[in-house]
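What follows is a single structure, written as structure tokens, with notes after it.
The values are calculated or read from the model by the stated rules, or taken from the named source; none is laboratory data. Not measured: the values here are computed from a predicted model. Cβ coordinates were reconstructed from backbone atoms using ideal geometry, including for glycine residues, and neighbour counts include every protein chain displayed.
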């Protein structure tokens, strides 16, 4: 993006705004207050921003909440890491593979209809995932794919609405607060998944993975010396797939 996205859309808009101000076609609004206050003022002035931000927040919360729990749901049914990885890859395919087509749809039919279509696809994905049995199933595979596709539809259309309707002077403030909210949501969903794993006494990260504790790594090394027979019923992997 840094090499091919030239000229920068934001810089181009700022240059155009400066030229309009010199020609008397635009009134320059000085920046006042904090970044947060400018973002809140922009949302109050233009309610469509609130709808777009709300749609983005719900979309992201839905996607993160289902995605982080799917590996645990599949592992409970005996699925191995390879199968879980394939399902998550299908989900990522739905998230990003159709983004150019989604952008074309948003340009042709408008942002709000595409955002509504994304919500409908997410609802179908939730119904499929909720009906999926533990382990590998067509419901969880199709549900994760539609979850990614619905996220793409809503994310592209709502993000475009934010970029189009946010005032130029506060556009980066609104977008920055939006990304901050996404980060908080990811953190909260990750913590919820960790609490669920502890409550169900599920194994944690494998030795050497991010989040693994030194004590677990030492136990893993001792397990290797014993030929892969660990001190838990899951061995080294932390999943039901046996170590070979």
Among (1) crowded, with 18+ Cβ neighbours inside 10 Å; (2) farther than 30 Å from residue 42 by Cα, which single condition is residue 173 missing?
-> (2)
If you go through the stretch 98-118, how many residues are touching a helix residue (DSSP H, G or I) at 6+ places or on another chain (Cβ under 8 Å) and not in a helix (DSSP H, G or I)?
-> 1
Is it the case that residue 121 is more than 26 Å from residue 9 (Cα to Cα), modelled with pLDDT of 95 or more, in contact with a helix residue (DSSP H, G or I) (Cβ under 6 Å, 6 or more places away or on another chain) and outside any loop (DSSP other than H, G, I, E, B)?
-> yes
Any pair with Cβ under 9 angstrom, 6 or more apart, that starts in the stretch 125-154 at a residue that is on the phi > 0 side of the Ramachandran plot and surrounded by fewer than 20 Cβ atoms within 10 Å (Cβ to Cβ) and ends at one that is at pLDDT below 95 and part of a loop (DSSP other than H, G, I, E, B) = 135/77; 135/78; 135/79
Keeping to the stretch 18-28, report how many residues are part of a helix (DSSP H, G or I) and at pLDDT below 70.
-> 3
Return only the number of the condition from (1) within 21 Å of residue 153 (Cα to Cα); (2) surrounded by 15 or more Cβ atoms within 10 Å (Cβ to Cβ) that residue 110 does not satisfy.
-> (2)
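If you take the residues in the stretch 29-50 that are assigned to a helix (DSSP H, G or I) and free of Cβ contacts under 8 Å to residues at least 60 places away in the same chain, which one is surrounded by the most Cβ atoms within 10 Å (Cβ to Cβ)? First the steps, then the outcome.
Quick first cut of the stretch 29-50, residues assigned to a helix (DSSP H, G or I) only: 35-45, 47-50.
This time we only want the ones that are free of Cβ contacts under 8 Å to residues at least 60 places away in the same chain, so: 37, 40, 44, 47, 50.
Values: 37: 12, 40: 16, 44: 10, 47: 10, 50: 12.
Only one residue tops the list, namely 40.
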